[in-house]
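In what follows, a single structure is set out as structure tokens and then discussed.
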Amino acid sequence: MREGVVFNIQRFALHDGPGIRTTVFLKGCPLRCKWCHNPEGLNPGISAGVGGTKTAEQVMREIEKETIFYDESGGGVTFSGGEPLMQPEFLGALMDECRKKDIHITLDTTGCVSPRVFASLADKADLFLYDLKIIDDAGHKKFTGASNKYALKNLETLSKKGKRVIIRFPMIPGITDTTENVTAVAAFASSLKGIRDIDVLPYHEIAQHKYRRLKMENKMEGVTPPPPERTKEVENIFESYGLNVKK
Ligand code: SF4
């Protein structure tokens, strides 16, 4: 399908992969993380005036506007969400077009989609930014609303394929940042051949205004970002397992 629902296209993004990038946010997510920072992207349809239907050609026109900056900076396009793999045919069409034009593709994913869908698109991406949140499945279900079974399996698939992956660990006070969970994430990540890079993303309150605007309940009301000392401790645990923490 060459048409999909997009809720934002961000130009000159600097934190969604190498170089200067255009980040395309596709709507719909299979998870409901308690701390979600993109609540406007959860619903797959066009809701509360957020999102619009676009053809692959329209999106490509936006992406190609910045080609000169990708070439100069080693950048490219990042597909994010929500979960971009929730619209596999549309995403596949966009990735095919980017490959034809030799544009570097980063996929920002939870991995929480069926292994069949995941494997059908994995080879089209150059780099994965891969969420790894909670290793205990009961805890994952409790705080994100879904099992982590596919997320762990699909990450193993990327490792076996030798794909380039940067793990993203959302550091959420009292939820993901327990020493037990951090140690379990470190042990799992370091067991995967070829995967060594991890970004620690401390919780921030930036999404608060979005919840107010969308009239959605903010389940993190009153939670403050973790202190820098705790972030350092968490980074030290990852490093003690041989992982490279991006500073
Ligand atoms: S995976 Fe991302 S977009 Fe989906 S609910 Fe969690 S934080 Fe929100």
*Within the range 153-172, which residues are within 15 Å of the ligand (Cβ to nearest atom) and not aromatic (Phe, Trp, Tyr)?*
Asn154, Leu155, Ile167, Arg168, Pro170, Met171, Ile172
*Going through the range 66-86 one residue at a time, which ones are open to solvent by 10 Å² or more (accessible area, probe 1.4 Å) and in contact with a helix residue (DSSP H, G or I) (Cβ under 6 Å, 6 or more places away or on another chain)?*
Gly82
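Taking into account only those residues within the range 111-121 that are more than 13 Å from the chain's Cα centre (by Cα) and buried (at least 19 other Cβ atoms within 10 Å of the Cβ), which is farthest from Thr157 (Cα to Cα)? If you could, list the steps in order and put the result at the bottom.
Initial filter on the range 111-121 (more than 13 Å from the chain's Cα centre (by Cα)): 114-121.
Keeping just the survivors that are buried (at least 19 other Cβ atoms within 10 Å of the Cβ) gives 118, 121.
Working: Phe118: 9, Leu121: 12 Å.
Top of the filtered list is Leu121.
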*asked:* So if I check each of Phe143, Phe188, which one is aromatic (Phe, Trp, Tyr), more than 14 Å from the ligand (Cβ to nearest atom) and assigned to a helix (DSSP H, G or I)?
replied: Phe188
_Listing of strands (runs of 3 or more DSSP E) fully contained in the range 71-131 that carry 1 or more residues being closer than 19 Å to Cys29 by Cβ, aliphatic (A, V, I, L, M) and modelled with pLDDT of 95 or more_ = 104-109, 127-131
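Being under 20 Å from Ala186 (Cα atoms) and at pLDDT 95 or above: is that true of Ser147 here?
On the way: under 20 Å from Ala186 (Cα atoms): yes; at pLDDT 95 or above: yes.
In short, yes.
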*So which residues in the range 19-65 are of a type outside the set (A, V, I, L, M, F, W, C), assigned to a loop (DSSP other than H, G, I, E, B) and open to solvent by 20 Å² or more (accessible area, probe 1.4 Å)?*
Gly19, Pro30, Arg32, Lys34, His37, Asn38, Asn43, Pro44, Gly45, Gly49, Gly51, Lys65
*Hey, any hits in the range 87-110 for a residue that's open to solvent by 40 Å² or more (accessible area, probe 1.4 Å), away from the ligand (no atom under 16 Å from the Cβ) and aromatic (Phe, Trp, Tyr)?*
no
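Just to be sure, is Asp137 within 15 Å of the ligand (Cβ to nearest atom), open to solvent by 10 Å² or more (accessible area, probe 1.4 Å) and of a type in the set (D, E, K, R)? Break it down into steps so the answer makes sense when it comes.
Values: within 15 Å of the ligand (Cβ to nearest atom): no; open to solvent by 10 Å² or more (accessible area, probe 1.4 Å): yes; of a type in the set (D, E, K, R): yes.
For Asp137, the condition - within 15 Å of the ligand (Cβ to nearest atom), open to solvent by 10 Å² or more (accessible area, probe 1.4 Å) and of a type in the set (D, E, K, R) - is not met.
May I ask you to list the residues in the range 212-231 that are surrounded by 13 or more Cβ atoms within 10 Å (Cβ to Cβ) and not in a loop (DSSP other than H, G, I, E, B)?
Correct list: Leu214, Arg230, Thr231.
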*Looking only at the range 184-200, which residues are over 16 Å from Glu233 (Cβ atoms) and among the aliphatic types (A, V, I, L, M)?*
Ala187, Ala189, Leu192, Ile195
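Mind listing whichever residues of the range 202-211 are out of contact with any helix residue (DSSP H, G or I) (no Cβ under 7 Å at 6 or more places or on another chain) and either surrounded by 15 or more Cβ atoms within 10 Å (Cβ to Cβ) or part of a loop (DSSP other than H, G, I, E, B) (or both)?
Our first condition is that a residue be out of contact with any helix residue (DSSP H, G or I) (no Cβ under 7 Å at 6 or more places or on another chain); within the range 202-211, this holds for 203-206, 208-209.
If the condition is that a residue be out of contact with any helix residue (DSSP H, G or I) (no Cβ under 7 Å at 6 or more places or on another chain) and either surrounded by 15 or more Cβ atoms within 10 Å (Cβ to Cβ) or part of a loop (DSSP other than H, G, I, E, B) (or both), then Tyr203, His204, Glu205, Ile206 are the ones that fit.
In the list Pro44, Pro30, which residue meets the criterion of being over 14 Å from the mean Cα position of the chain (by Cα) and within 16 Å of the ligand (Cβ to nearest atom)?
Numbers: Pro30 fails: over 14 Å from the mean Cα position of the chain (by Cα).
The conditions single out Pro44.
Kindly indicate which of Ile175, Ile166 is β-branched (Val, Ile, Thr), part of a strand (DSSP E or B) and crowded, with 17+ Cβ neighbours inside 10 Å.
Values: Ile175 fails: part of a strand (DSSP E or B).
Selected residue: Ile166, the only one of Ile175, Ile166 that is β-branched (Val, Ile, Thr), part of a strand (DSSP E or B) and crowded, with 17+ Cβ neighbours inside 10 Å.
The values are calculated or read from the model by the stated rules, or taken from the named source; none is laboratory data. Note that the coordinates shown come from a computational prediction; the quantities given were computed from them, not determined experimentally. Note that each Cβ is placed from the backbone with ideal geometry, even for glycine, and that neighbours are counted across all protein chains shown. With ligands, DNA and RNA removed, areas are computed over all heavy atoms of the protein, side chains included. Shrake-Rupley method; radii C 1.70, N 1.55, O 1.52, S 1.80 Å.
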